[in-house]
Amino acid sequence: MVSLHSISIVQGQEISFENSQELNAPISNFPPLQTVIDSVIKRSAMVNFRANNIDAKEAALASEKLHWSRNLGLQLDSRYGNLNNFTSNEDGEALSQVLTTTKQFNYSAGFFLKFPLFDGLNRKHQIKLAQSEVEAAKSMVEFENEQLRKMVITLYQELLLKQKLLQIRSESLGDGRVNMQMVEKEFRNGLVPMSEYVRINSITTNMEAAYETALSEFITTKKMLEDMAGFVFDLNAPN
């Protein structure tokens, strides 16, 4: 047998969030979808990583285009110190007996140009490879953007749906609680049998459980989007 005291405790519980401004906010009073998408993409660590990879690939391409300059050069040389000096006769033979050492400053300059066969044949392929890597890096950024857009759109629509369901559950629970209060009064006056009283109480309890489940799902989805976007959704802000 169910006691009236236990029943009244159940009916006296406060349902959190039921009358909050956030729940009663208009269904459409979320930040615009595009605003959320832009914020999520901007904050994405993976997108930023892919974007930095583009910069690295473009720098490698620019370096590859200048690779030919490695075969050109200007060489300078200077020396100062004791340098051996020789004299020679008309036949070009060195005369060791007139060998002298003196301190002096010598310098030289020269320009060189090389044409490595492999570099010449392979340069076009290396540039094409570097260009392909840049395009691949850009494609990866676009792929990450597409994946994030799909994810945000899905979560955004789920959030709208869960808010609607939460409002429906809230209204149903409110009606159920009013009905339960009426049944309780009739039961106290002997107008409703115990079986009917217990049945209505069970229905009301199930409504409360359904409401709490809907509330948890709504909050979870909302928090996920807020974490990804980097800001809190103020549902009471004007559109």
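Determine if region 94-113 includes at least one residue that is more than 30 Å from Arg50 (Cβ to Cβ), of a type in the set (D, E, K, R), surrounded by fewer than 11 Cβ atoms within 10 Å (Cβ to Cβ) and at pLDDT below 90.
Checking region 94-113: at least one residue is more than 30 Å from Arg50 (Cβ to Cβ), of a type in the set (D, E, K, R), surrounded by fewer than 11 Cβ atoms within 10 Å (Cβ to Cβ) and at pLDDT below 90.
Mind checking whether some residue in region 37-57 is within 21 Å of Asp227 (Cβ to Cβ), loosely packed, with under 11 Cβ neighbours inside 10 Å and either at pLDDT below 70 or not basic (Lys, Arg) (or both)?
Checked against the condition, which is being within 21 Å of Asp227 (Cβ to Cβ), loosely packed, with under 11 Cβ neighbours inside 10 Å and either at pLDDT below 70 or not basic (Lys, Arg) (or both), region 37-57 yields at least one hit.
I'm trying to understand the selection: among the residues of region 221-239, which are open to solvent by less than 70 Å² (accessible area, probe 1.4 Å) and either at pLDDT 90 or above or among the aromatic types (Phe, Trp, Tyr) (or both)?
Within region 221-239, Thr221, Lys222, Leu225, Glu226, Met228, Ala229, Gly230, Phe231, Phe233 meet the criteria.
Among the residues of region 142-154, write down those that are among the hydrophobic types (A, V, I, L, M, F, W, C) and surrounded by fewer than 18 Cβ atoms within 10 Å (Cβ to Cβ).
Phe143, Met151, Ile153 - these are the residues of region 142-154 that are among the hydrophobic types (A, V, I, L, M, F, W, C) and surrounded by fewer than 18 Cβ atoms within 10 Å (Cβ to Cβ).
Can you tell me which residue within region 168-195, out of those that are open to solvent by 40 Å² or more (accessible area, probe 1.4 Å), of a type in the set (S, T, N, Q) and assigned to a helix (DSSP H, G or I), is nearest to Thr213 (Cα to Cα)?
Ser172
How do the pairs read when you match residues in region 31-43 that are under 14 Å from Leu155 (Cβ atoms) with residues anywhere that are open to solvent by 20 Å² or more (accessible area, probe 1.4 Å) and small (Gly, Ala, Ser), using Cβ under 9 Å and keeping only pairs 6 or more apart or on different chains?
Every condition considered, the pairs that remain are Pro31/Ser39; Pro31/Ala237; Ser39/Gly230; Val40/Gly230.
The values are calculated or read from the model by the stated rules, or taken from the named source; none is laboratory data. These figures come from a predicted structure and were not determined experimentally. Note that each Cβ is placed from the backbone with ideal geometry, even for glycine, and that neighbours are counted across all protein chains shown. These area figures cover heavy atoms from the full protein model, side chains too; ligands, DNA and RNA do not enter into them. Shrake-Rupley method; radii C 1.70, N 1.55, O 1.52, S 1.80 Å.
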